[in-house]
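Please read the structure below before turning to the comments.
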Amino acid sequence: MDGEDETGPRFKRWLDELSRREDEQHFSLWAVEGHRKLIRSFLGVGALFLVLFSVNDLLDVDPRVGFPALVAARLVFLLGLAATYYLIRKPVSPVFFRRALICLSLTLAALGFLTDLARPNDYFTHIGTDVTILYLVYLLVPIPVRYQVLVCVPFSVAVVALLFLYKEPIYTMVPISYTLSIVSANIFGFWISVRQGRLRRTNFTHLSGEQESRKQLQKALDEIKTLSDLIPICSGCKNIRDDEGYWSQVESYLGTRLDVAFTHGLCPACVARLYPGLTDDPE
C-alpha cells in the first residue's frame with residue numbers, strides 16, 4: 001500500500017489518512033454521523049462482553065489479583081461506555097471525539113490484560129477474547145489506524161509477555177498458537193482498517209468533487225439565463241414586448257434576464273446621420 005493512487009486521492013504512506021491535513025479535517029467533520037453508527041456497534045459488543053464474562057469473574061479468579069480489582073476495572077470500562085454513548089448523541093468536535101475513543105480503546109485493552117492476569121495460570125480460553133479485542137479496535141473504533149496501532153501493539157506485547165513469563169500452559173503448543181493468533185489479528189486488522197479507511201476517504205473525496213461540480217454548474221446556469229421562444233419586437237422603434245405584455249427597450253428587457261449592464265454610445269453610421277457636421281471633411 002503506497003501513499004499515492006493515480007486515479008484517486010493521495011494518502012500518507014501505509015496509512016489511511018489523506019496527505020493534505022485540511023482534507024483530513026474536512027473528512028473528519030463529514031464522517032461524524034457514519035462513525036456514530038460504528039461506535040454504537042462497538043458499545044453494544046463491549047456491553048455484551050461485560051455481561052458474558054462477569055460470571056467468569058466469580059468462578060475463575062486468581063487470588064493474587066483479586067476479585068475487587070477486576071470488578072473495579074470493569075466498572076471503569078462501563079463508565080467509559082456510558083460516557084461515549086452520551087458523547088455520540090451530542091455535537092462535539094472531531095478532535096475531542098477522537099481523544100475520547102482513544103481513551104476508551106486503551107481502557108478496553110487494559111481491561112483485557114487485567115482479565116488475562118486475573119485468570120488462573122492454566123486458564124487459556126481467553127485467547128479468543130484477546131483476538132476479539134484487537135479486531136474490535138481495528139474495525140469498530142473509527143480513529144486513524146496509527147492510533148489503533150498505538151493501542152493494539154502494546155496490548156499484544158503485554159499479553160504475549162504475560163503468557164511466557166507468568167502463565168503455565170499445559171500444552172507446549174499453546175504459546176506458539178497464541179502468539180500466531182495475536183500476530184495474525186494485528187496484521188489482518190491493520191490491513192482491513194487501512195482499506196476501509198481509504199475507501200471511506202475516497203468516497204468522501206469523490207462526493208466532494210461531485211458536489212463542487214454541481215455548484216459550479218448551478219452557478220453557470222444562474223449567470224446565463226437563456227432566452228427562448230419567439231420574442232415580439234416592434235418594427236419601428238425596436239422595443240420588445242415582455243411576457244406581461246409591456247413594451248420596453250432592448251437594454252431594459254435584456255437587463256432583467258442577463259447579468260449585464262449596458263453603456264450608451266453612437267456607432268459611426270448614427271453619428272453621420274445625427275451629426276453630419278462632425279463628419280464633414282474640413283477641406
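Just so you know, all these numbers are worked out from the coordinates, no wet-lab data involved. Just so we're clear, the structure is a prediction, and the values are computed from it rather than from any experiment. A quick note on method: Cβ atoms are made from the backbone with ideal geometry, for glycine too, and the neighbour counts reach across all protein chains shown.
Data overview
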{"read-out": "Built amide H within the under 5 Å cut-off of R10, gap 5+", "value": "S19"}
{"read-out": "Lys/Arg +1, Asp/Glu -1 at C-beta; region 21-216 dipole; positive extreme among A82, Y166, L180", "value": "A82"}
{"read-out": "Projected label distance in nm at F96 and W247, using a 7 Å step from Cα toward the beta-carbon", "value": "6.8"}
{"read-out": "Virtual spin-label span in nm between Q196 and L266, 7 Å along Cα→Cβ", "value": "7.9"}
{"read-out": "Gain on full stretching of the segment that runs from A69 to H206 - 0.36 nm per residue minus C-alpha separation", "value": "44.4 nm"}
{"read-out": "Long-range amide H partners of N239 with built H, under 5 Å", "value": "C234"}
{"read-out": "For region 202-208, Karplus couplings with θ = phi - 60° (6.51, -1.76, 1.60), whole Hz, Gly/Pro x", "value": "5, 4, 5, 5, 5, 5, 5"}
{"read-out": "Full-extension gain in nm, R36 to E168, via 0.36 nm per residue minus C-alpha separation", "value": "43.4 nm"}
{"read-out": "Where chymotrypsin sites (Phe, Trp or Tyr not before Pro) fall in DSSP loop in region 236-276, at most 16 other Cβ within 10 Å", "value": "Y246, F262"}
{"read-out": "Difference of contour (0.36 nm per residue) and Cα-Cα distance, Y275 to R257", "value": "3.1 nm"}
